[in-house]
Every structure is written in structure tokens, then in C-alpha cells.
Amino acid sequence: MNDRAPVPFPQVTALRAQRLLGTTAFRIAPALAAALMAGGHLESSGRGLIVFLAILLASLSLDRERYPIQLMPLTGFVIRAFVPILGIAIALGTFALAGRPESVWSMAVPVIGAWGMTAIAAWTKARFETSRRVRVGVIGSAGLARGLDNELHNSRIRAYEVVGWIARDSPPAERGEGGPRRLGSLDQVR
């Protein structure tokens, strides 16, 4: 019998945890930091809320998960650096349309704060990804699994670990030279 109570949340896998951390660290945290700084600097919590929503909107429009920017470090850096600038531009436009414009320089501190939070987020996410790697099994040949393993290693992408491959038929068990191992055949998986 099982005496344990049911868990209210499903088990969080390494991949799901990495995605949640990425969303929180690169979208919510910089927007919140800029909003708190803008709200304090402009002495208006309402304007701080507008800054939060504008930066979140900019992040959702520029930093889409359908594009693998984690594989293009320079592109990811440029996009994440541009998000607070675009968000502040949206907020400044909103303030101007509401009849209470602010100067661009009054929003420099929130942009710098968002950049600082983004730098902390990048460091935290990199540390987390190296400690909680996503384990990958390749369906294909040993060469394909070794090639992917080498590519991840050479690109210094430490978030993923190729643990092995699943062959189409039942070839003899190959270990590989210190790389991924054969996990079985497709007949064994079905």
C-alpha cells in the first residue's frame, strides 16, 4: 500500500524547471525591477505598473520560445538587452498619450536596473542548467548520438546531456568510446 499523500503538482522535470526559470528570470524579474525603480523614481505606483506591463509585452514580442536563441548566444544577448529599451519606449509612449509625458532620461535608471537583473538571471540560469541537465536519448545511429554529443560539447551548451541512442533494429550492444551508449532498440521501447 502507498501511505504517501498525492502530490498537488506534477513532478517537475529538468526541462520544465529550466523553462520556468527562464520565463521567471528573463521576463518577469527584469520587468519587475524596472517597474519598482520607475515607480519609485516617478513617485507613482501606477506608472510603475505601466512600465512592468510594457516591458513584459516587449519581452513576449521579442523573446519568443519558438526560436532557439539559446543556441545563438550573441542573438540572445542582443534581444535581451533590447527588451527593456523597447518596453520603456512603449511606457513613455503610453505616458505621452495619457497627457503626462516623461523625459527619456528619467527612465535610464529603470533600464539599467532591468539590465542588471537580466545579467543576474543569465548567471543564475547558467548555474542551474549545469547542475540540472536535461538528459537526451537519440533515436538513430550511434554516429548521430556521438555527433550530437560532440556538437553540444564543442558549443559549450551544458544544459543537455546525450545519454545514449535507441537503434532501429537489434544490433550488438555498442558502448562507444566514452560517449553515449546504446539504450536498446525500437522493438524494446514499444
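The values are calculated or read from the model by the stated rules, or taken from the named source; none is laboratory data. Note that the structure is a prediction, hence the values are computed from the model and not measured. Glycine gets a Cβ as well: all are built from the backbone with ideal geometry, and neighbour counts include every protein chain shown.
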Inset, instruction - State which residue pairs qualify: first residue outside any helix (DSSP H, G or I) and inside segment 10-35, second residue not small (Gly, Ala, Ser) in any location, beta carbons under 9 Å apart, and separation of 6 or more residues or different chains. - result: Pro10/Arg16; Val12/Leu20; Thr13/Val134
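How many of the residues making up segment 119-139 are in a helix (DSSP H, G or I) and modelled with pLDDT under 90?
So in segment 119-139, the residues in a helix (DSSP H, G or I) come out as 119-131.
If we keep only those that are modelled with pLDDT under 90 too, we end up with 121-131.
Residues in segment 119-139 being in a helix (DSSP H, G or I) and modelled with pLDDT under 90: 11 in total.
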Inset, instruction - Read through the list (1) surrounded by fewer than 18 Cβ atoms within 10 Å (Cβ to Cβ); (2) hydrophobic (A, V, I, L, M, F, W, C); (3) under 17 Å from Leu53 (Cα atoms), then give the number of the only condition that Ala122 fails. - result: (3)
Legend entry - Exclusive hit being under 30 Å from Glu151 (Cβ atoms), of a type in the set (Val, Ile, Thr), without any contact (Cβ under 8 Å) to a residue 60 or more places away in the chain and not assigned by TED's automatic domain parsing to the domain that holds Ile157, set Thr118, Thr94, Thr75, Thr124: Thr75
